[in-house]
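Engineer: Following this message is one structure expressed as structure tokens.
Taken together, the values in this text are just the output of simple stated rules run on the coordinates, not laboratory data. Predicted model, so just to flag it, every value in this text is computed and none were measured. With ideal geometry, Cβ positions are generated from the backbone for all residues, glycine too; neighbour counts draw on all protein chains shown.
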Amino acid sequence: MLKNGVKFNDKHSIDNWDLLMVSKTIGQAIPKTIEIDIPGRDGKLDLTECYGQINYYNRTLEFTFDCFQDYKSWAELLRQIKQHLHGKMQKIILDVDPNYYYYGRCKVDSFTNDKQIGHIMISCDCEPYKYKLEKTVIENDVIAKEVYTYQNLYREVVPEITVTDTAQIEFENATYSFSKGTFKNLNIVFKEGTNTVKILSGSGKITFSYQEATL
């Protein structure tokens with residue numbers, strides 16, 4: 001049976017604190033729009049995408065938990081939770097979305113009780129994207145004229161490239177040469193969807209490693 005909890009770094013709301021999540025809100029990432037109102041011109045001049053991909057403001061995650069432990073243990077439970085996450089950056093994984101994580105600063109907003117039930121509210125100021133739990137790592141042979149494709153989610157990303165010997169590649173009509181080692185080239189940017197790399201020459205292995213992210 002799928003649990004309905006949330007993990008903050010290495011602590012789970014159910015497994016470690018025996019909390020029942022009664023509500024959650026996953027705020028949306030709001031686009032950072034750039035609009036200029038020019039006198040004498042209809043409407044507004046929208047420059048939101050003039051620098052490339054759209055940028056976004058942080059998003060807010062909010063969780064409400066109930067705790068049914070004996071009221072005498074509430075103070076200790078709250079201390080443990082606050083010590084672990086209050087004011088700290090956390091990797092946040094929802095049980096209902098286990099292949100992705102959010103990343104942001106968490107805080108305990110309040111603790112109240114209704115008779116024998118305690119209520120804990122936690123909010124998280126998170127980066128706009130949610131990230132794949134594991135980095136994408138793809139290794140291929142360096143063989144002249146071979147063409148490899150790499151799938152990427154929404155956010156553009158500069159991949160880390162590791163070459164075991166030498167490699168000359170073509171990406172978006174430009175040529176790049178690598179010796180043995182690990183590199184990042186800011187001109188090699190994987191966009192949303194399919195990205196194509198053609199091997200021109202070299203030998204050994206070439207590995208692309210990158211963190212995929214989506215909204």
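Engineer: Along each principal axis of its Cα atoms, how long is the chain end to end? Whole angstroms, biggest number first, please.
Structural biologist: 72, 59, 29
Engineer: Roughly how many whole Å is it from the C-alpha centroid of segment 80-101 to that of segment 107-127?
Structural biologist: Computed from Cα coordinates, the inter-centre distance equals 14 Å.
Engineer: Please give the Cα centre distance for segment 176-199 versus segment 1-42, rounded to the nearest Å.
Structural biologist: Here the answer is 32 Å between Cα centres.
Engineer: Going by average Cβ density within 10 Å per residue, which order do the peptides 118-127, 52-61 take, highest to lowest?
Structural biologist: On the way: 118-127: 19.5, 52-61: 14.5.
So the peptides 118-127, 52-61, ranked by packing, come out 118-127, 52-61.
Engineer: Now a separate question. Work the Kirkwood hydrodynamic radius out for segment 149-192: mean of 1/r over every pair of different alpha-carbon atoms, inverted, in Å.
Structural biologist: Its Kirkwood hydrodynamic radius stands at 11.3 Å.
Engineer: If I stretch the segment between residue 58 and residue 176 completely, what's the gain in nm (0.36 nm per residue apart, minus their alpha carbon distance), one decimal? Walk me through the numbers before you get to the answer.
Structural biologist: Values: separation 118, 0.36 × 118 = 42.48 nm, distance 3.50 nm.
Between residue 58 and residue 176, full extension yields an extra 39.0 nm.
Engineer: Starting from 0.36 nm per residue, how many nanometres of slack lie between residue 16 and residue 201 once their C-alpha separation is accounted for?
Structural biologist: 61.3 nm
Engineer: What is the local net charge at residue 198, summed over the other residues whose Cβ is closer than 12 Å to its Cβ (Lys, Arg +1; Asp, Glu -1)?
Structural biologist: Here the charged neighbours net out to -2.
Engineer: Take the Cα gyration tensor of segment 136-214, multiply each eigenvalue by 5, square-root it, and list the three semi-axes largest first, rounded to whole angstrom.
Structural biologist: Calculated on Cα positions only, the semi-axes equal 20, 13, 11 Å.
Engineer: Continuing with this model, one more query. Given q = 0.13, 0.17, 0.23 Å⁻¹, what are the Debye log10 I(q)/I(0) values for segment 6-131, with equal point scatterers placed on the Cα positions and solvent ignored?
Structural biologist: Summing over Cα pairs of segment 6-131 leads to -0.60, -0.86, -1.34.
Engineer: Nearest 10 degrees is fine. How inclined is helix 74-85 to the longest principal axis of the chain, computing both from alpha carbons?
Structural biologist: Orientation of helix 74-85: about 10 degrees from the principal axis.
Engineer: Let me have the 222 nm mean residue ellipticity of the chain computed from DSSP H runs of 4+ only, each contributing -39500 (n - 2.57), with the sum over all residues rounded to the nearest 500.
Structural biologist: Using -39500 (n - 2.57) per qualifying helix, the result is -1500 deg cm²/dmol.
Engineer: Moving on. Cα to Cα, under 17 Å, and not fewer than 8 places away if on the same chain: which lysines meet these conditions relative to residue 145?
Structural biologist: Here the lysines satisfying the reach criterion relative to residue 145 are 198, 205.
Engineer: For labels at residue 146 and residue 37 in the simple 7 Å Cα→Cβ model, what's the distance in nm?
Structural biologist: 5.8
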